[in-house]
Every structure is written in C-alpha cells, then in structure tokens.
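Just below is one structure, and these are the notes that go with it.
The values are calculated or read from the model by the stated rules, or taken from the named source; none is laboratory data. Just so you know, these numbers come straight off a predicted model, no measurement behind them. Positions of Cβ are backbone-derived with ideal geometry, glycine not excepted, and every protein chain shown enters the neighbour counts.
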Amino acid sequence: MAGYKHGVYTHEVPTSIIPPVSSIAGLTVVFGTSPINLTDPSNVNKAVLAYTYKEAVQKMGYSEDFDNYTISEAISSHFGLFAVSPLVMVNVLDPEKHKKSGTANLNVIDGEAVLKKEGVLTDSLVVKNEDGTTTYEKTDYDHEFDDDGHLHIFIDAAEKIQVEFNQLDPSMVTTSDIIGGVSLDGGSKGLEVLNEVFPRFRLVPGIVIAPKYSCDPAVTAVLKAKATNVNGVFKAIAITDIPTDEVKDYTAVPEYKNQKNLDSPDLIVCWPKVSLGGKQYHMSTQLASLANKTDGANEGIPYKSPSNKNLQMDACVLKDGTEITLGLEQANYLNGQGIVTALNWIGGWRAWGNRTSCYPGNTDPKDAFIPVRRMFIYEQNQVILTYWQKVDEPGNRKLIETVIDSKNIDLNGKAARGFILGGRVEFREEENPLTGLMDGTYTFHVFITPPTPARELKWLFEFDPSYFDTLFG
C-alpha cells in the first residue's frame, strides 16, 4: 500500500500503439536424411537451425549423394545456389535403427589406410591385423573423414589391415520414419518435430519440404496437414514433388495430382526435377530457396511470386536423367492444372507457375494464387505474434482501440510500400454477440487485398487511319 506522498511523482503507461512482430515468411524446414556420422550422430529427430553453409555442414554433415542424403540437397540449394538463410533441418536417419555392418581389407600406405565407404559409424570401428588375429586398441590409431565422407585410418602397422564397422543405411528409411509421430516417452519424431521449431528458436516455419520423400502421397498428406496447423495456431505452406520415375509425361501429371488428392491452398505441387551440371535437385527444394530469395529482396514480405524468377539449373529431367523439354503451351497447361514447373524462355531457366494445388477446383484468389496465399498466412502469423501479449487483458474500449489503431497503422504502411493494395481492421457489433463477449471472445475483422500476380498482360492493337493526316503536314 502506498504511503503518504508529498512532491512530484511519475508513472509509466503502456504505449497505445503496438509495434508489429514480424515472422520470417519463408523460413524453410526440411525433413530428410543426413550423414550425421560426420558430425553428431545424436542429431536424430531434432530441429537444427543454421544460418551459414559452414554451420549447416558442421551440424548435419554433407554429402554429394543427394539421393541418399536429402538434407544435403537442401543445404546445397539454400546456402550454395541461392545464398539465403536460415534453414531448419530435421534428420530422421537413425544410426541405431538404419544401419548395416561391413568388413574390408585395406592397404596401409605410409601409415594411412582409406575406407571408401560413406556413413561409417566410428564408434563401431574395429581394426585388426592382416590375418585378423590381433585387434588394435583405439589408442593405436587415429582416424578422420575426408570431403567425400570416406574414413582415413592412420596407423603404424603392416601393409594390410582388416576393419569391421557399422554404417548408415539411408535405404532403410521408410515413409513412416518421415511421417513420424509421438513416442511413448513423449518425444517427437519425423514431421511431428515441426511443432518444436517455434518453441526452440522463436521462429515461425513458413515453408515445409521433404525432398524425395514427399513424392510419396502419404508423406504429402501429412506434410500439408502439419503445415496448416503448426503449434495449433500458426500456418505454413508445403511444397512437394510429383515422382518423375512414375510420371514421365507432362500430360499424365494432372491425372496423378487428382488421383493422389494433391489439392490444398497450402500445398504447392512441382514437376519435374531440375538439374545443374548433371546434379539433380527436386524442384521443391529449389523453389523453397527461390521463394526465400524473393522474400529477402522485398523486406521479407512474401507479396511477390517466385514465378518467372531464375532457378539454378540447366535442364529439366526425370529421375533417370532423361531431359524434358517443355514449351510455353505445355508449361501453361501444367500451370492451369495447379502445377508449378520450369520454363526455358526469355531470361533463361525460370520457375513457372503462380497457382497452389487447389487450382482449378478452387479459384478464390486468397487460396489459388501462391503470393496471395502466402500473404494471408504471413498476416495471420504476424497477428498471432503481435497480439498474443494482449491475451487476458481487460476487454474494454481501450483494448479494442489499441488493437484496431495498431493494426491499421501496420496495414497502411504496407499499402504505402505496395505490399498490399489496401487493408483495414474493424470491430463489428454483429460479429461480437453479447454471449461471446460475456464468454471473453472478441472478434476483429481484417480486410486485406494483396496484389494478384499479373500472370497475363494483354495488349490491344488497333489500326488508326487518322494518322494518315501526318502525310499532309
């Protein structure tokens, strides 16, 4: 209780305008496999954040074998080809579960032997003499991995040694490993780890991918479900691929999309794969990186489409390496079926397509256009981050005015910079019935119009005879 006061005193009151909290619209979370034997074998079903190529490799390892180590594909695309960051990686390759044993006879040259196998788990390594009668102590030799993931063993021994080892076996990873779930001890696995990203890093997932594995419709079904309900409040967008070993002709792509129920406003579907210098990438991987790059050039606001922006590629390919050449009419046909592809047209190889997978069944612009959908998701996530601090505050006129004024200032600023055409927030009496207010529910109505992508520029040409007058001065 305040005592007797005599003099001048000051007090602070909360600012009536709340600065908006930004979410990283394109924060990419990739699920897949990684050569964690090169770094930390315990990085299994954990969300790992990296801001640089070096950091990503140090935490998750790296291999040029993208088919077996799909997270390396995302590292290469994100940090190497597009120079964007950060990236959240979730490896499901478990050295306790996905492994196989092996043996080898190695030549020792100048005290060094090389085991040309990827994925070797060094804690399982046993080194013996040539005939296998003597086992060397671990203090008798050193070892390290080279850039190819091969193990070099340094030992003062005869000309040959025998080695026994366990190694990662990515081929044992199944659909269920990617889908994951919650274990009996409460731990999350696979796609369930998506809910751990925000609590750990205070970053909201924006794009979710699972290169190679999302070619399985079962994975895509869970992928899009998880993306639309992150932590029960946030939303993200999923990008997936149609398998090019199964669907080899562009005319069969829409049928596959429909049969497998690849239809959602929060899902982008891609076909085929892309290649750069003979190295294949899933288009979902490069499109996620391209979206990040496009956002980064626009203050992190996802109002611009990644379509008609350059991919890092020199060919469209099937999984077996067969090149696919799509003309403008063929690429547009895929776009009209809600599929993103690549087109070598004016300006080189570019992503081509503005539609989410719900198109053409759903033509609502907030659902069917990629940048408009991402803007709606971005704004919803931003509202949650900004106004969470007002939850459980007294529901009086001051609260309502603070929320309305703050959000309207934010929307007016975005309109002035061209991020949206306009927007406003209202607190409507008809949307706030007495029973809802009595129960503590306050409903704010946001009107927002992001610009739709100018997917078609029409020009009307007309012959005007009046200009013949210029012939007579």
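Which condition does Leu471 not pass, out of (1) touching a residue at least 60 places away in the same chain (Cβ under 8 Å); (2) not assigned by TED's automatic domain parsing to the domain that holds Ile237, if it passes all the others?
(1)
Identify all residues within segment 416-455 that are free of Cβ contacts under 8 Å to residues at least 24 places away in the same chain and buried (at least 16 other Cβ atoms within 10 Å of the Cβ); write none if there are none.
Result: Val425, Asn432.
Check every one of the helices (runs of 4 or more DSSP H) wholly within segment 160-244 and list those with 2 or more residues that are within 28 Å of Trp388 (Cα to Cα) and either in the same structural domain as Ile339 (by TED's automatic domain parsing) or more than 20 Å from the chain's Cα centre (by Cα) (or both). It would help to see each step written out before you state the result.
Working: elements: 175-179, 197-201, 217-227.
Hits in segment 160-244: 197-201, 217-227.
Applying the selection to segment 279-300, what residues are part of a loop (DSSP other than H, G, I, E, B) and at pLDDT 95 or above?
Start the filter on segment 279-300 by keeping residues that are part of a loop (DSSP other than H, G, I, E, B), which leaves 282, 297-300.
Once the filter is applied, which keeps residues that are part of a loop (DSSP other than H, G, I, E, B) and at pLDDT 95 or above, segment 279-300 yields only His282.
Please go through segment 308-323 and give me each residue that is surrounded by fewer than 24 Cβ atoms within 10 Å (Cβ to Cβ) and either modelled with pLDDT under 95 or assigned to a loop (DSSP other than H, G, I, E, B) (or both), ordered by number. Before you say what the answer is, go through the steps one by one.
Going through segment 308-323, the residues surrounded by fewer than 24 Cβ atoms within 10 Å (Cβ to Cβ) turn out to be 308-310, 312, 314-315, 317-323.
Across segment 308-323, the qualifying residues are Asn308, Lys309, Gln312, Asp314, Leu318, Lys319, Asp320, Gly321, Thr322.
Restricting attention to segment 30-43, report how many residues are part of a loop (DSSP other than H, G, I, E, B), in contact with a strand residue (DSSP E or B) (Cβ under 8 Å, 6 or more places away or on another chain) and modelled with pLDDT under 95.
Our first condition is that a residue be part of a loop (DSSP other than H, G, I, E, B); within segment 30-43, this holds for 33-35, 39-43.
When the remaining residues are screened for being in contact with a strand residue (DSSP E or B) (Cβ under 8 Å, 6 or more places away or on another chain), the result is 33-35, 41, 43.
Within this subset, residues satisfying the condition of being modelled with pLDDT under 95 are 41, 43.
Qualifying residue count, segment 30-43: 2.
On the basis of being at positive phi and either in a helix (DSSP H, G or I) or without any contact (Cβ under 8 Å) to a residue 40 or more places away in the chain (or both), does Asp392 make the cut?
Details: at positive phi: yes; either in a helix (DSSP H, G or I) or without any contact (Cβ under 8 Å) to a residue 40 or more places away in the chain (or both): yes.
So Asp392 fits the description; yes.
Quick check: anything in segment 418-431 within 24 Å of Tyr303 (Cβ to Cβ), out of contact with any strand residue (DSSP E or B) (no Cβ under 8 Å at 6 or more places or on another chain) and not polar (S, T, N, Q)? Quick ask: steps written out before the conclusion?
Step one: of segment 418-431, the residues within 24 Å of Tyr303 (Cβ to Cβ) are 418-426.
Within this subset, residues satisfying the condition of being out of contact with any strand residue (DSSP E or B) (no Cβ under 8 Å at 6 or more places or on another chain) are 418-419.
In the following step, the residues that additionally are not polar (S, T, N, Q) were identified as 418-419.
The answer is yes; a qualifying residue exists.
The conditions are (1) at pLDDT below 95; (2) farther than 27 Å from Ala297 by Cβ, and Tyr69 fails exactly one of them. Which is it?
Condition (1) is where Tyr69 drops out.
As an exercise: evaluate Thr251 against (1) assigned to a loop (DSSP other than H, G, I, E, B); (2) surrounded by fewer than 16 Cβ atoms within 10 Å (Cβ to Cβ) and give the number of the one condition it does not meet.
(1)
Report, by residue number, each residue of segment 178-194 that is surrounded by fewer than 22 Cβ atoms within 10 Å (Cβ to Cβ) and either modelled with pLDDT of 95 or more or among the charged types (D, E, K, R) (or both).
Pass one, segment 178-194, residues surrounded by fewer than 22 Cβ atoms within 10 Å (Cβ to Cβ): 180-189, 192.
Asp185, Lys189, Glu192 - these are the residues of segment 178-194 that are surrounded by fewer than 22 Cβ atoms within 10 Å (Cβ to Cβ) and either modelled with pLDDT of 95 or more or among the charged types (D, E, K, R) (or both).
So which of Glu137, Glu164 ends up being over 18 Å from Pro41 (Cα atoms) and modelled with pLDDT under 90? Even if it seems obvious, please write down each step before you answer.
Details: Glu164 fails: modelled with pLDDT under 90.
Going through Glu137, Glu164 in turn, just one is over 18 Å from Pro41 (Cα atoms) and modelled with pLDDT under 90: Glu137.
Being under 28 Å from Thr251 (Cβ atoms) and surrounded by 17 or more Cβ atoms within 10 Å (Cβ to Cβ) is the requirement here; does Met375 meet it?
Numbers: under 28 Å from Thr251 (Cβ atoms): no; surrounded by 17 or more Cβ atoms within 10 Å (Cβ to Cβ): yes.
No; evaluated as a whole, the condition is false for this residue.
Yes/no matrix, rows are residues, columns are (1) touching a helix residue (DSSP H, G or I) at 6+ places or on another chain (Cβ under 8 Å); (2) at pLDDT 95 or above; (3) buried (at least 18 other Cβ atoms within 10 Å of the Cβ):
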| site | (1), (2), (3) |
| --- | --- |
| Val84 | yes, no, yes |
| Leu87 | yes, yes, yes |
| Asn91 | yes, yes, yes |
| Leu106 | no, no, yes |
| Asp110 | no, no, no |
| Ala113 | no, no, yes |
| Glu118 | no, no, yes |
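Please find, within segment 436-473, the residue that is farthest from Gln380 (Cα to Cα) out of those that are aromatic (Phe, Trp, Tyr) and not in a loop (DSSP other than H, G, I, E, B). Before you say what the answer is, go through the steps one by one.
From segment 436-473, those aromatic (Phe, Trp, Tyr) are 442, 444, 447, 459, 461, 463, 467-468, 472; that's our starting set.
Of the ones still in play, those that are also not in a loop (DSSP other than H, G, I, E, B) are 447, 467-468, 472.
Values: Phe447: 12, Tyr467: 54, Phe468: 58, Phe472: 64 Å.
So the residue we want is Phe472.
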